[in-house]
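Contents: one structure, followed by commentary.
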């Protein structure tokens, strides 16, 4: 009996509730649809189009589908060398950025200094300065008639200006400069959430500062380093301005090659295949990060 | 660890932080003195004092029109991204639904998607539509790029608005629209203005994606600066950079006054 009554009232109440549910779903769809449309038209569609072109033998009028573009992108020594250089550049930049940023993040998360907010502003303000301005700044510093050479020649350390531009390392310096703010923010966010009680407890129990840092704080902040590294790696792999302006044609990376293939050589299918290799590389890094997060949260 | 050790440690840390700040600031501020130099190339140290390079910006028409193009594209894409961003932020804050976290993550992909790939793909899509070298093509690309930033600030600001304010407004007889218009929007305003300022700057400075979408007849300022620097590295570039730095500083001050710059990145 009770069940029957419950069933009846259920039936009576369900109808308006279902209508309310439907209204809620409609509202949600209406709120999210523009964003889905934007990313569908503005990101997914172009990407799929490019994926399709990477399998075409010619562009714009294909006669057959082929894997030849991928064969070229993945086995041609020219492309292989550039792929290798791009990913090693990203790795080097990520490592240097992480090491340089950690103490700054530590300062932002832990210090009681009254300058803290100003330091914070000084770290993130460069993010809002045009990348062209910043790269031109580096050419003024590193150029043959630049700041460093003026100092070195003026002090009599060298007689001829050193060639500091047009090298792998000048690109590294420029990239590290652009990416430090991202890394500092990622690490500082995680460091700020760590309960200082852990480190204090370890200190009370006799852990030396070094041991304390290596065994307590560093493992707890590794997630900030990881997320910062993913951002830095992805942004370095896709960077164009810095390798072109500071490498001056001597440091070919995938971004430069993709642009060259497509715009200068008008070979869109090969360019598209190279672009897909680049995208796959960043996807692998993201997947590794996802795996890391799962393992990390399980512990 | 005794107190002296802690003190030296802290001093060393402060000195290190100062060093990194100098590293971050040096390439940015170094363009300013060169903008006023009388040299005909970007040499250090600069000699003399002149304003002729600033005059040269005005004399060369292409910089003026590129500036206007960039400003127009930045305004259009920020306006569109604001509407779409706020709507979806409300969706994420007010509703719990399956796949919510995944969708949010997908919405953030433009932040880390390789710019060079996005630019090339965009060109492939826009060219058959006849939207290459058009303000609308560029605006679409920039809207995609700044959408995650707007979504993030809107989410952060919405989460801070007390839910009880909604209920209070309803109880007092306001309908859904009135609640949004007279209660939520005013509370959102500083966060949104800061997010908009930030997006304007991001769009205005965008280079890699725009590179594929511009051409003769439609250039943006960063591309025009790059092209100019390709054939002559004279202080005109430093002068434009100085003007941009002044604009950026004003934008940073606005954001800092409204909500604090940190909000944009958390």
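Arrange the peptides B:220-231, B:154-165 so that the one whose residues have, on average, the most other Cβ atoms within 10 Å appears first. Mind dumping the intermediate values first?
Details: B:220-231: 19.5, B:154-165: 14.8.
With the highest mean Cβ count within 10 Å placed first, the list reads B:220-231, B:154-165.
Compute the Rg to Rh ratio over region B:1-107 from the alpha carbon atoms, using the Kirkwood formula for Rh, and round to two decimal places.
Result for region B:1-107 is an Rg/Rh of 1.24.
Need one number: the % of Cα-Cα pairs in the protein assembly as shown sitting beyond the 44 Å mark.
Summing the P(r) tail past 44 Å for the protein assembly as shown gives 24 percent.
Out of every Cα-Cα pair in region B:104-247, what percent are more than 19 Å apart? Please report the intermediate quantities before stating the final value.
Working: 6614 of 10296 pairs.
The answer is 64 percent, as a whole percent.
Put a dot 7 Å past each Cα toward the Cβ at residue B:62 and residue B:14; how far apart are the dots in nm?
Simple spin-label model gives 5.0 nm for this pair.
Residue A:48 label point, 7 Å along Cα→Cβ, cut-off 14 Å on backbone N: hits in region B:100-126?
So the set is B:125.
When the distances between all Cα atoms of chain B are binned every 10 Å from zero, what whole-number percent does each bin get?
Percent of pairs per bin, in order: 6, 22, 26, 23, 14, 7, 1, 0.
Rule-of-thumb check for region B:108-152: C-alpha Rg over 2.2 N^0.38 Å? Please report the intermediate quantities before stating the final value.
Values: Rg = 10.9 Å, N = 45, 2.2 N^0.38 = 9.3 Å.
Ratio of Rg to 2.2 N^0.38 Å for region B:108-152: 1.17.
Determine the shielding of peptide A:118-125 by partner chains: average, over its residues, the number of Cβ atoms on other chains within 10 angstrom of each Cβ.
Taking the mean over all residues of the peptide, I get 5.
As a footprinting exposure proxy, order B:42, A:74 by other Cβ within 10 Å, with the fewest listed first.
The most exposed by this proxy come first: A:74, B:42.
Give me the compactness ratio for region A:31-162, meaning the Cα radius of gyration over 2.2 N^0.38 Å.
So the Cα radius of gyration is 1.70 times the expected 2.2 N^0.38 Å.
Can you give the Rg and Dmax of region B:74-164 based on its C-alpha atoms, in angstrom?
Values for region B:74-164 (Cα only, Rg and Dmax): 15.1, 51 Å.
In whole Å, what three semi-axes, largest first, describe the equivalent ellipsoid of region B:142-222 built from its Cα gyration tensor (square root of 5 times each eigenvalue)? Intermediate values should be presented prior to the final figure.
Values: eigenvalues 280, 27, 17 Å².
Working through the eigenvalues yields semi-axes of 37, 12, 9 Å.
Sort out for me the Cα centre separation of region B:39-113 from region A:89-154, rounded to whole Å.
Between the Cα centres of region B:39-113 and region A:89-154 lies a distance of 21 Å.
List the relative contact order of chain B as a percent without decimals, with contacts defined as Cα pairs under 8 Å and 6+ residues apart. Intermediate results must be reported in sequence, preceding the final value.
Numbers: 275 pairs, mean separation 82.0, N = 266.
With pairs under 8 Å counted, the relative contact order is 31 percent.
Given a 10 angstrom Cα cut-off, can you work out which residue in A:190, A:210, A:104 is the most mobile in a GNM of chain A?
Ranking A:190, A:210, A:104 by mean-square fluctuation puts A:210 first.
Normalised by the residues of chain A, what does the relative contact order come to in percent, with Cα pairs under 8 Å and at least six apart?
Value for chain A: 25 percent.
Working from the pairwise distances between different alpha carbons, so that the mean of 1/r is found and then inverted, what is region A:104-164's Kirkwood radius in Å?
Values: mean 1/r = 0.0706 Å⁻¹.
After inverting the mean inverse Cα-Cα distance, the result is 14.2 Å.
Working from Cα positions, state the angle (0 to 90°, nearest 10) between the long axis of helix B:115-129 and the longest principal axis of chain B.
Long axis of B:115-129 versus the principal axis of chain B: about 80 degrees.
What nm value, rounded to one decimal, do you get for the distance between residue A:67 and residue B:162 when each label is placed 7 Å out toward the C-beta?
Label-label distance for residue A:67 and residue B:162, simple model: 6.4 nm.
From zero outward in steps of 10 Å, how is the percent of C-alpha pairs of chain A spread across the bins?
5, 18, 22, 22, 16, 10, 5, 2, 1, 0, 0
Given the options A:227, A:167, A:130, which has the most mean-square fluctuation in a GNM of chain A, springs set between C-alpha atoms less than 10 angstrom apart?
Checking each option, the largest mean-square fluctuation is seen for A:130.
For the pair residue B:79 and residue A:111, what calculated FRET efficiency results from E = 1/(1 + (r/R0)^6), where r is the Cβ-Cβ distance and R0 = 35 Å, to the nearest 0.05? Intermediate results must be reported in sequence, preceding the final value.
Numbers: r = 40 Å, r/R0 = 1.14.
So, using R0 = 35 Å, E works out to roughly 0.30.
Neighbour counts of other C-beta atoms within 10 Å: give me A:76, A:61 arranged from fewest to most.
Exposure proxy ranking, most exposed first: A:61, A:76.
Can you tell me the FRET efficiency between residue A:74 and residue B:170 if r is taken as the Cβ-Cβ distance and R0 is 41 Å, rounded to the nearest 0.05?
Given R0 = 41 Å and the Cβ-Cβ separation, E is 0.10.
Mind checking the mean number of beta-carbon atoms from other chains within 10 Å of the Cβ atoms in B:82-94?
Counting other chains' Cβ atoms within 10 Å and averaging over B:82-94 gives 4.
Nearest 500 deg cm²/dmol is fine: what mean residue ellipticity at 222 nm does the protein assembly as shown get from its DSSP H runs of n ≥ 4 alone, each adding -39,500 (n - 2.57), divided by its residue count?
For the protein assembly as shown, the value works out to -24500 deg cm²/dmol.
Once the Cα atoms of helix B:135-160 and of chain B are each reduced to a long axis, what angle between those two axes, in degrees from 0 to 90 to the nearest 10, is obtained?
50 degrees
Going by how many other beta carbons lie within 10 Å of each one, how would you line up A:293, A:38, fewest first? Write out the running numbers ahead of the final one.
Details: A:293 13, A:38 21.
Ordered by Cβ neighbours within 10 Å, fewest first: A:293, A:38.
Which of the peptides B:181-187, A:239-245 is most tightly packed, and how do the rest follow, going by the mean number of other Cβ atoms within 10 Å of each residue?
Result, highest mean first: A:239-245, B:181-187.
Calculate, for residue B:246 and residue B:40, the FRET efficiency according to 1/(1 + (r/R0)^6) with r their C-beta to C-beta distance and R0 22 Å; round to the nearest 0.05.
The computed FRET efficiency comes out at 0.40.
Whole percent per 5 Å bin, from 0 to the bin with the longest distance: what is P(r) over all C-alpha pairs of region A:165-255?
Going from the shortest bin to the longest, the percentages are 3, 14, 18, 15, 12, 11, 9, 8, 6, 4, 2, 0.
If I build a Gaussian network model for chain A, linking alpha-carbon pairs within less than 10 angstrom, which residue out of A:56, A:250, A:166 has the largest mean-square fluctuation?
Top of the fluctuation ranking is A:250.
Any read-out appearing in this document is the output of simple, stated calculations on the displayed coordinates, not a laboratory observation. Just so you know, these numbers come straight off a predicted model, no measurement behind them. Using ideal geometry, Cβ is built from the backbone for each residue, glycine included, and neighbour counts are taken over all protein chains shown.
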